[in-house]
Amino acid sequence: VSREGATLQVYNSPLSETGVLGFDYGYSLDTPDGLVIWEAQFGDFANGAQVIIDQFITSTEDKWQRLTGMVLLLPHGFEGQGPEHSSARLERFLTLAADDNIQVVNLTTPAQYFHCLRRQVVRPWRKPLIVMSPRGLLRHKLAVSSLEDFTSGGFQRVIPESGAIAPEKVTRVVMCSGKIYYDLVAAREEQDITNVAIVRVEQLYPLSTELLLDATRDYDRKTPIVWVQEEPENMGAWTFVSPL
């Protein structure tokens with residue numbers, strides 16, 4: 001399909017995660033200006049393609065001296081599909097992250113998703129992008145964006161408290177990533193909590209400590225900061241962010 005110079009190509013493929021991701025990776029090398037996306041039906045499909053992820057995607061620049069803007073869309077979220085079927089092993093990708101080799105994001109709004117994919121193409125350089133994309137947000141009534149959110153601004157690696165809580169009243173800051181943000185907002189409203197601010201970490205790697213400091217700058221320096229995630233302690237992003 002081609003219109004006004006833009007081209008969209010859609011191909012059906014066999015159910016072989018290693019084979020398809022390997023093909024897509026190779027295609028991305030020869031099409032640096034294209035947005036090449038491998039989308040898994042469930043996050044755990046990445047298990048079957050792990051050899052391509054380890055040997056090529058996360059090491060493409062250092063080992064093979066090749067740049068790729070390959071995008072992996074991995075449904076991730078504990079939503080009743082089983083302890084592993086629902087997990088894209090976020091912790092595994094964060095363990096593979098080093099020397100700015102990849103980007104790992106866990107997004108909360110449609111506009112964030114749009115700007116994240118857009119920058120993947122318009123940037124002058126290429127890095128693989130790993131996107132945690134929970135199915136639970138597809139129809140979530142709060143996971144919406146205005147038209148202005150799409151047409152102005154850009155991708156936010158860290159989203160501070162929305163302003164629902166007065167800074168001078170904050171006695172605890174909760175940091176999180178992904179869809180659990182909406183669970184925290186709902187619990188805060190149900191329990192009429194007015195002293196807890198919620199900060200969203202949309203990009204987990206590379207992680208900007210400067211932006212994290214900016215998001216908490218309005219609160220007292222002694223205000224405790226905690227991390228909340230839906231995954232068990234040895235999974236998710238906790239072991240990655242805890243040293244901070």
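Please go through region 168-182 and pick out each residue that is part of a strand (DSSP E or B) and out of contact with any helix residue (DSSP H, G or I) (no Cβ under 8 Å at 6 or more places or on another chain).
Arg172, Val173
So which residues in region 1-59 are in contact with a strand residue (DSSP E or B) (Cβ under 9 Å, 6 or more places away or on another chain), assigned to a loop (DSSP other than H, G, I, E, B), open to solvent by 40 Å² or more (accessible area, probe 1.4 Å) and closer than 14 Å to Leu72 by Cβ?
Listed by number, the list holds a single entry, Leu35.
Here are some residues: Arg66, Arg89. Which one is basic (Lys, Arg) and over 15 Å from Gly43 (Cβ atoms)?
Among Arg66, Arg89, only Arg66 is basic (Lys, Arg) and over 15 Å from Gly43 (Cβ atoms).
Which condition number in (1) within 23 Å of Gln103 (Cα to Cα); (2) touching a Lys or Arg at 6+ places or on another chain (Cβ under 8 Å); (3) surrounded by fewer than 16 Cβ atoms within 10 Å (Cβ to Cβ) is the one that His140 fails?
(1)
Considering only region 114-133, I want to know if a residue exists there that is open to solvent by 10 Å² or more (accessible area, probe 1.4 Å), in contact with a strand residue (DSSP E or B) (Cβ under 7 Å, 6 or more places away or on another chain) and assigned to a loop (DSSP other than H, G, I, E, B).
The answer is yes; a qualifying residue exists.
Given the condition open to solvent by 80 Å² or more (accessible area, probe 1.4 Å) and closer than 26 Å to Gly154 by Cβ, answer yes or no: does some residue in region 66-86 qualify?
Checking region 66-86: at least one residue is open to solvent by 80 Å² or more (accessible area, probe 1.4 Å) and closer than 26 Å to Gly154 by Cβ.
The values are calculated or read from the model by the stated rules, or taken from the named source; none is laboratory data. Nothing here was measured: the structure is a model prediction, and the numbers come from that model. Positions of Cβ are generated from backbone atoms using ideal geometry, with glycine treated the same way; all protein chains shown enter the neighbour counts. The area values use the complete protein model at the heavy-atom level, side chains included, leaving out ligands, DNA and RNA. Shrake-Rupley method; radii C 1.70, N 1.55, O 1.52, S 1.80 Å.
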